[in-house]
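The values are calculated or read from the model by the stated rules, or taken from the named source; none is laboratory data. Keep in mind that this is a model prediction, so the values were computed, not measured. FYI the Cβ positions are ideal-geometry reconstructions off the backbone, even for glycines, and counts take in every protein chain you see.
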Amino acid sequence: MRALEFDAAAVRRLCNEDSAVGRSVSVAVGAVIANRLDSARTRLLDLFAPHGSGTPLAYAR
């Protein structure tokens with residue numbers, strides 16, 4: 001995995017100018033956040049929950 005760095009002001013300006021870019025950035029950021037939350041949940045279940053008690057987040061709906 002590779003971390004990328006962007007000029008936040010330039011990204012915000014681009015998102016304001018082109019709604020498709022803004023939507024794409026929002027979806028990408030949301031996917032990263034969801035993945036990190038799912039990973040944190042899994043780690044917490046591994047540490048503190050009885051074996052077999054956790055359901056993957058994707059199937060919990």
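Descriptive notes on the structure:
- Residues of region 13-40 satisfying the condition of being over 22 Å from ALA3 (Cβ atoms) and either in contact with a Leu (Cβ under 6 Å, 6 or more places away or on another chain) or not in a helix (DSSP H, G or I) (or both): ASP18
- For region 7-26, a residue qualifies if it is surrounded by 10 or more Cβ atoms within 10 Å (Cβ to Cβ) and under 19 Å from the mean Cα position of the chain (by Cα), and the qualifying residues are VAL11, ARG12, CYS15, VAL21, GLY22, ARG23, SER24, VAL25, SER26.
- Candidate set from region 41-54 (those that are surrounded by 10 or more Cβ atoms within 10 Å (Cβ to Cβ) and outside any helix (DSSP H, G or I)); member that is modelled with the highest pLDDT: ALA49
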